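Each value in this text was obtained by applying a stated rule to the coordinates, not by laboratory testing. Please read all numbers here as calculations on a predicted model, not as lab measurements. Here the Cβ positions follow ideal geometry from the backbone for every residue, glycine too, while neighbour counts run over all protein chains shown.
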Amino acid sequence: MSATTKCLVPYITAREGEEADSFLSLRATFDAAGVARLGYWDETREDRDVRGVLWGRVSQSIGPDRLPTGEPKWRMVHPSRQRETMLKLKCQVCVQNARTPEGILFLEAKKDGVPMASTPVRSAQPPVCLRHARLAAKRCPYLAEHGHVALLAQSAPLYGVIGTPHAYTDNGLRVLSGDDVPVPYGDPALRWFLASQLVRTLRSFTVVDLDDLVPTDRNDQH
């Protein structure tokens, strides 16, 4: 299968055979200042992001061409690949640079209506390049179900993460119930948080029509 064909499955989509690490790999540990926090028994530098937050480990099925392989799990996003594309502002489909002279294109669900340009938007959806914008709108089950709105952002600073809170008690480490509400960087709760999605704040954006930006491409038919 060629790299072009593989790109028809978004890069961030989880694949069959990719499994999350065991809860038993986690422990209570201490940072350089001696403050307790969540960690791994065999933690490496790559386990934490640029702000020091711990991320959930999920194995990756990567082929010789460095692209994911295996049957797609359409409703699941791989944490590491979501983090990579969101951090580096790469296209979530083809993992190429998503920046354009006009801004960075993001697709958001239309479920809550069209956002006002004066209201910042918190997004866990990595950007898309012009070539694969239509494909991303079709391949994301949530966007396909609720419809999409395209936002061309001039500014998209990091905000925080979505994930699972933990706590350390007399009975040991335990998982707490969580939600999909983003937790901002700097929040003390992140010391006991296992991140799964990186979130940016979209500012100075313009609501655009993909028909005005993206020419019809044969890839849209797949």
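Some notes on this structure:
- Using alpha-carbon coordinates, inclination of helix 79-88 to the longest axis of the chain, degrees: 60 degrees
- Computed over the chain: relative contact order in percent, which uses C-alpha pairs under 8 Å that are six or more apart: 22 percent
- When each of the peptides 105-116, 153-164, 177-188, 192-203 is scored by the mean number of other C-beta atoms lying within 10 Å of its residues, the order from highest to lowest reads 192-203, 153-164, 105-116, 177-188.
- For the range 1-75, dividing the convex hull volume of the Cα atoms by the residue count gives 124 Å³ per residue.
- Here the Kirkwood formula, the inverse mean of 1/r across different C-alpha pairs, assigns the chain a hydrodynamic radius of 18.5 Å.
- Over all other residues within a Cβ to Cβ distance under 13 Å of A36, the charged ones net out to +2, with Lys and Arg as +1 and Asp and Glu as -1.
- Here the 3J(HN,Hα) profile of the range 171-184, calculated from phi with Karplus coefficients 6.51, -1.76 and 1.60 at θ = phi - 60°, is 8, x, 6, 9, 8, 9, 5, x, 9, 9, 7, x, 9, x Hz, Gly and Pro shown as x.
- Here the spin labels are modelled as points 7 Å beyond Cα on the Cα-Cβ line, and at A36 and R66 they lie 4.2 nm apart.
- Cα-based convex hull, the range 55-177, per residue volume (Å³, whole number): 150 Å³
- Counting only Cβ charges, +1 for Lys and Arg and -1 for Asp and Glu, the dipole size of the chain around its Cα centre is about 260 debye.
- Highest average first, the peptides 80-89, 32-41, 139-148 ordered by how many other beta carbon atoms sit within 10 Å of their residues are 80-89, 139-148, 32-41.
- In this structure, the amide hydrogen of Q197, modeled 1.01 Å from its nitrogen in the peptide plane, lies closer than 5 angstrom to those of I162, counting only residues at least 5 positions away or on a different chain.
- Modelled label reach - T169, point 7 Å along Cα→Cβ, the range 13-31 residues with backbone N closer than 17 Å: 28
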